[in-house]
Amino acid sequence: MTSATLVAIFGLFYFGGLAAFLLIIPRLWRPEVPFGVSVPAEGTEEVRRRALRFWTGSVIGVTVAAIAGTLLFARFRPEMWAAKVLIIPYFLLGVFCYTRARKMLLPLALASKRVGAALRQRRYRDYMIPWWEAIPVGLIAVAVVLLVWAFLTLPRAGGWRLTEPRRIVALVGTVFPAFFVYPLLLLIAVLMAHSKQSVGAGDPEVALAANEAFRTVWIRYMYAIRVMLGALFATVSFCVALANRGFRPPVHVLPFVLLGCIASGVAVGFIIALRYGQGGWRWAVRQGLVEKSQVAAILNGDGMPDARWKFGMFYFNPSDPSVLVEKRFGVGWTVNLGSIWGIALVFAFVGMYLLPSLLRLFAR
């Protein structure tokens, strides 16, 4: 089997499978939640059909274009990575079309959606003082300066020569994690501040107050993690600088310090999760703002019991016919792992991810 044939088969199966999944997406929710928007069950048939027609036509058009592009790549560039590049524009166009279909239904959204939208008006600066970031950024900057100084003066201590590229590679490899992890942690905090949250309309003031407390504590927790990361990085860099000058820093304690920081971070996160609950409902109960029996109706816009959300992230409810449900916190949707179709969906995505490797194995 030639490389061009493998690329063509990959494109047909991959984009064909994605299209089949995307076309049934609107039918994976409850009837009153098309495209993830809570709308009245009655009087919305024409709007639903219009959104569905737009979505169906868009998916078919984008898929045909992607398959045509794959066949073109197979003809002139028979390499698997070239076809994979099309996944990016395919995904972006799919998100655009989905958002457009969703917006057709938003004017019909129920009160819980309109109340929850108020949370998206908040910004990161409403939860944190921006200049606080100077502390972790400053620690990381000091660490980088120490590392660069240590590597530049390494030849004086009889180490590698200045012209050896592996010294530069070692420096980049040492500095890169901080430049990657810190922005990632900051991005997570910003997304937490900007993302939506399902909020019930039974008592909007209580729901919003609980959610504000929920977001604030988690965003500040992420800030503490960034400060700890900067402190660890600065400590390691200081030890490297001392070792470069002939001293013997207590590097043997660094693994224990690292493990201690990881353990304390996990423990604090677990305590916060227990004290605040999903969406801040435990905090609201503790403050006397709401009775525990009223939580599902007031704080949880989806009306789902908190016990159905394992660790607040994984939805498991065999009695719920929905395959996809809206995330309680964040952006997007998640799979109902209590549904056989939800589990099949997870395996299907894993299988599509492994498809290129299987094709290469078959070709051999």
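Taking residue 285, is it assigned to a loop (DSSP other than H, G, I, E, B), at pLDDT 80 or above, farther than 26 Å from residue 190 by Cα and more than 19 Å from the chain's Cα centre (by Cα)? Write out each step before concluding.
Working: assigned to a loop (DSSP other than H, G, I, E, B): no; at pLDDT 80 or above: yes; farther than 26 Å from residue 190 by Cα: yes; more than 19 Å from the chain's Cα centre (by Cα): yes.
Spelling it out, it is not the case that residue 285 is assigned to a loop (DSSP other than H, G, I, E, B), at pLDDT 80 or above, farther than 26 Å from residue 190 by Cα and more than 19 Å from the chain's Cα centre (by Cα).
Residue-by-condition table, conditions (1) of a type in the set (Ser, Thr, Tyr); (2) at pLDDT 70 or above; (3) out of contact with any Lys or Arg (no Cβ under 9 Å at 6 or more places or on another chain); (4) under 21 Å from residue 102 (Cβ atoms):
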site	(1), (2), (3), (4)
322	yes, no, no, yes
329	no, no, no, yes
335	no, yes, yes, yes
349	no, yes, yes, no
359	no, no, yes, no
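Filter region 239-274 for residues that are free of Cβ contacts under 8 Å to residues at least 12 places away in the same chain, surrounded by 14 or more Cβ atoms within 10 Å (Cβ to Cβ) and either of a type outside the set (A, V, I, L, M, F, W, C) or not assigned by TED's automatic domain parsing to the domain that holds residue 150 (or both) and give the result.
249
Is there a residue in region 162-176 that is more than 27 Å from residue 334 (Cβ to Cβ) and either at pLDDT 85 or above or among the polar types (S, T, N, Q) (or both)?
Yes, region 162-176 contains at least one residue that is more than 27 Å from residue 334 (Cβ to Cβ) and either at pLDDT 85 or above or among the polar types (S, T, N, Q) (or both).
Only one of 272, 219, 225, 262 is modelled with pLDDT of 85 or more, more than 22 Å from residue 183 (Cα to Cα) and among the hydrophobic types (A, V, I, L, M, F, W, C); which?
272
Residues that are under 22 Å from the mean Cα position of the chain (by Cα), at pLDDT 80 or above and under 27 Å from residue 183 (Cα atoms): list the helices (runs of 4 or more DSSP H) wholly contained in region 52-157 that include at least 1 such residues.
Answer list for region 52-157: 87-105, 124-127.
Quick one: residue 49 ticks every box in (1) at pLDDT below 80; (2) among the basic types (Lys, Arg); (3) in a helix (DSSP H, G or I) except a single one, so which number is it?
With (1) at pLDDT below 80; (2) among the basic types (Lys, Arg); (3) in a helix (DSSP H, G or I) applied to residue 49, the lone miss is (1).
Here are the criteria: (1) part of a helix (DSSP H, G or I); (2) over 19 Å from the mean Cα position of the chain (by Cα); (3) modelled with pLDDT under 75. Tell me which single one residue 302 does not satisfy.
Answer for residue 302: the failing condition is (1).
The values are calculated or read from the model by the stated rules, or taken from the named source; none is laboratory data. Just so you know, these numbers come straight off a predicted model, no measurement behind them. Counting neighbours? That spans all protein chains shown, and the Cβs are built from the backbone with ideal geometry, glycine included.
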